[in-house]
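Written below as structure tokens is the structure these notes are about.
The values are calculated or read from the model by the stated rules, or taken from the named source; none is laboratory data. What you see is a predicted model; the values in this text were computed from it and never measured. Here the Cβ positions follow ideal geometry from the backbone for every residue, glycine too, while neighbour counts run over all protein chains shown. Note: accessible area is taken over every heavy atom of the protein model, side chains too, but ligands, DNA and RNA are not part of it. Shrake-Rupley method; radii C 1.70, N 1.55, O 1.52, S 1.80 Å.
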Amino acid sequence: QVQLVESGGGLVQAGGSLRLSCAASGSIFSVNTMGWYRQAPGKQRELVARMSSGGNMNYAESVKGRFTISRDNAKNTVYLQMNSLEPEDTAVYYCNVFSLNKNYWGQGTQVTVSS
């Protein structure tokens, strides 16, 4: 079993920054992908950014140049630094780990950007 604990969401004004963290524990294979998805009200969940244990990264076009994903493999922790936040970034952000063909999800953390 894998547990994901997220932190770092909150309310911020447009142009501000937030940093999300997600610590994974349990039976995680060393080769995996960790990342962040988000879901805004009335919309489908979408990929924000993900990073493999080998360092390959993918970003949604809408966040490129503003968000940075990083991870600490020794701590099984993934981070998302979000800069220049926009009201359109308002959503529940979910941590995700893909390991041995299984998806694991965090409970979600709310990010609200006011204009």
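Quickly run through the range 46-63 and pick out the residues that are loosely packed, with under 15 Cβ neighbours inside 10 Å and either part of a loop (DSSP other than H, G, I, E, B) or in contact (Cβ under 8 Å) with a residue 24 or more places away in the chain (or both). Residues satisfying the conditions are 54, 55, 56, 62. Here the strands (runs of 3 or more DSSP E) wholly within the range 1-40 that include at least 1 residues being in contact with a Leu (Cβ under 8 Å, 6 or more places away or on another chain) and surrounded by fewer than 16 Cβ atoms within 10 Å (Cβ to Cβ) are 2-7, 10-13, 18-26.
Give the residue that is nearest to the chain's Cα centre (by Cα), with candidates limited to residues of the range 75-86 that are on the phi < 0 side of the Ramachandran plot and open to solvent by 50 Å² or more (accessible area, probe 1.4 Å). The qualifying residue nearest to the chain's Cα centre (by Cα) is 81.
I'd like the residue in the range 68-87 that is hydrophobic (A, V, I, L, M, F, W, C) and not in a strand (DSSP E or B) and, out of all such residues, is farthest from residue 115 (Cα to Cα).
At the first step, the residues of the range 68-87 found to be hydrophobic (A, V, I, L, M, F, W, C) are 69, 74, 78, 80, 82, 85.
Filter again for not in a strand (DSSP E or B), leaving 74, 85.
On the way: 74: 38, 85: 10 Å.
Top of the filtered list is 74.
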